[in-house]
Amino acid sequence: MTDTRFLHPDCPDWRQLGPTELDSAVRAHSEIVVAEEKARRELWSRGFTRRRMLQGGLMAGVAAIGSQLVTTQASYAAPGSPDTGALIVVFLRGGMDGLSVLVPATDADLLKARPGIMVKENSGLIPFGRGFGLHPALSALKPMLAQGKIAAVPAIGTPDLSRSHFQAQDCLERGGSSGNASQTGWLNRTLEQSGPGTTWRGVGASDRLARSLVGGANALVVPDLDKMAINVDATVLEPTRTALASLFTGLDHPIAQQANLALSASSEAKEIASTAGTAKDRGFADNSFSNDLATLSSLIRANVGLRVGTLDLGGWDMHTDIGTPDKGDMKNMLSAVGDGLAAFFADLGPKADTTTVVLMSEFGRRVGQNDSSGVDHGHGGLAMVLGGGVRGGVHGKWEGLGEAVLDHGDVPGSNDFRDLLGEVVMKRLNLSAGDANIIFPEWKVAPIGVMA
């Protein structure tokens, strides 16, 4: 039941404070909180005796002492460091088969292990160097490849040798082995090391917060800019927004921080969306992956201070009928990725030079095909880096697919994900080696060479 002690005398019924009960309840609660806070400030202004602290509500009131001096919203709107560009991390969930994407086309051991599903050299492979070729479904990325803006790291792995999707994803997104006690995500620690920023400094373009963004940096989840709004009557939104803001002003609590972030972001989202134009008109295909990329591009172009963005694309667990270069699951998935990323970088315009995209998956697949014309869970996989600041080509350790090289039938994890991701965050976000070693605890980052 709503406390009406502090309601306006001309409005004895709290339901009359707004056009709907939801608006009225928010505004009524706000009036109560504001009045109580005013009373405490008046009491404390005469000195902080024990009696007055008790009258003021003990520690519940301490958080409000400086409420009008520094607000959560103000602290998150701090200018922070100069613009260092944006890092976009695309998680390809399900365990992408790197040997179908970046193909060691002349490796006789691969042809022997995959007689029915190998993407052969004469099937339209896009030459990439070091004996590798890209799957022909990624043809939309040929211009970027020619400009040296695509790097790839084969045989890449996490420190935990797990074939469990959940465990491998958790290890990768936390940025450390299961023995590491840290429960925050590596991108959350990246944001913390990068210093203060705007409301939009960390954004997940999906319907849930990525594990890599979990922590105290308060990232936003923004599946659709145009639909990001406070769920109250639009005709009388501003009074309710003001009431909500007053409820959380000055409170040093994660809920208050998230509330102020949501209020600030919702007021800007529709304006950003209205000036960006539709994803279709900007050259994006009509699918969820492209729509998520369009959302992130809109934020980057709007100069709202986005530093880190994430999005997911599932569907890579191809145990059966992986297909051929001309048709099938792999061809369809890679076409969506290639077309979406090509549209993304074209849409960015000049911002493409300061935007870097990382494609990664929790693990690779086994070298040999199975009886269902697919490939089962393996270890060493593939990561790719595209865009601004990238040094094109195939990087990292690669020793082929001979029996002496394989790890129980798997591609070995010869290159550690933390070395790749550490190098990218240092270069893209202007962080130090010391920062990288905090982001990836218990690991000293050794750059692989993917960034110029």
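The values are calculated or read from the model by the stated rules, or taken from the named source; none is laboratory data. These numbers come from a predicted model, not from an experiment. Note: ideal-geometry Cβ built from the backbone for every residue, glycine included; neighbour counts use all protein chains shown. The area values use the complete protein model at the heavy-atom level, side chains included, leaving out ligands, DNA and RNA. Shrake-Rupley method; radii C 1.70, N 1.55, O 1.52, S 1.80 Å.
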Exercise for the section: Treat every Asp and Glu Cβ in region 327-452 as -1 and every Lys and Arg Cβ as +1, leave all other atoms uncharged, and give the resulting dipole magnitude about the Cα centre to the nearest 20 debye. Expected result: 400
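Can you list the equivalent-ellipsoid semi-axes of region 271-313, largest first and in whole Å, using the square root of 5 times each Cα gyration tensor eigenvalue?
Ellipsoid semi-axes (Å, largest first): 17, 15, 6.
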Handout entry: Gain upon complete extension [residue 321, residue 372; 0.36 nm per residue less C-alpha separation]
Key = 17.7 nm
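If you put +1 on each Lys and Arg Cβ and -1 on each Asp and Glu Cβ, how big is the dipole of region 97-206 around its Cα centre, in Debye rounded to 20?
Using Cβ point charges on Lys, Arg, Asp and Glu, region 97-206 gives about 240 debye.
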Fill in the blank from the handout: The Cα radius of gyration of region 332-452, divided by 2.2 N^0.38 Å with N its residue count, comes to 1.22
Problem - Length released on extending from residue 405 to residue 147, taking residue separation times 0.36 nm less the Cα-Cα span - result: 89.6 nm
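Please report the carbon-and-sulfur percent of the accessible area for region 403-452; probe 1.4 Å, protein heavy atoms only, DNA, RNA and ligands left out. Please report the intermediate quantities before stating the final value.
Values: 1150 of 2200 Å².
With neighbouring chains kept in place, the figure for region 403-452 is 52 percent.
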Problem - Amide hydrogen neighbours beyond the local backbone of residue 380, cut-off 5 Å, H modeled - result: 364, 411, 413
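Taking the Cα centre as origin and putting +1 on Lys and Arg beta-carbons and -1 on Asp and Glu beta-carbons, what dipole magnitude results for region 275-370, to the nearest 20 debye? Before the final figure, lay out the partial values.
On the way: 9 positive and 12 negative charges, 47 e Å.
In total the dipole reaches around 220 debye.
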Exercise for the section: Quick one: net charge around residue 108, please, counting Lys, Arg +1 and Asp, Glu -1 for every other residue with C-beta under 13 Å from its C-beta. Expected result: -1
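Using only the Cα atoms, work out Rg/Rh for region 361-400, with Rh taken as the Kirkwood radius, to two decimals.
Numbers: Rg = 13.7 Å, Rh = 12.5 Å.
Using only Cα positions, Rg/Rh for region 361-400 is 1.10.
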Exercise for the section: Would you please put 88-96, 409-417, 122-130 in order of how densely packed they are, using the mean number of other Cβ atoms within 10 angstrom per residue and starting with the highest? Expected result: 88-96, 409-417, 122-130
Completion exercise
Residue span residue 433 to residue 207: 0.36 nm per residue of separation minus Cα-Cα distance leaves a gain in nm of 78.1 nm
Exercise for the section: Take the cross-link list 112/331; 280/397; 351/397; 280/331; 112/327 and give me the ones stretching past 30 Å between alpha-carbons. Expected result: 280/397; 351/397
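Just the Kirkwood number for region 133-230, please: inverse of mean 1/r across all distinct Cα pairs, in Å, one decimal. Write down the numbers at each step before the final one.
Values: mean 1/r = 0.0614 Å⁻¹.
The Cα-based Kirkwood calculation yields 16.3 Å.
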Completion exercise
With N residues in region 327-380, Rg(alpha-carbon) / (2.2 N^0.38 Å) equals 1.56
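Counting only heavy atoms of protein chains, what accessible area per residue, in Å², does region 287-345 have with a probe of 1.4 Å? Before the final figure, lay out the partial values.
Details: 1970 Å² over 59 residues.
For region 287-345, the per-residue accessible area is 33 Å².
When the solvent-accessible surface of protein heavy atoms is calculated with a 1.4 angstrom probe, in what order do 268, 399 fall, highest first?
Numbers: 268 65, 399 110 Å².
Descending order: 399, 268.
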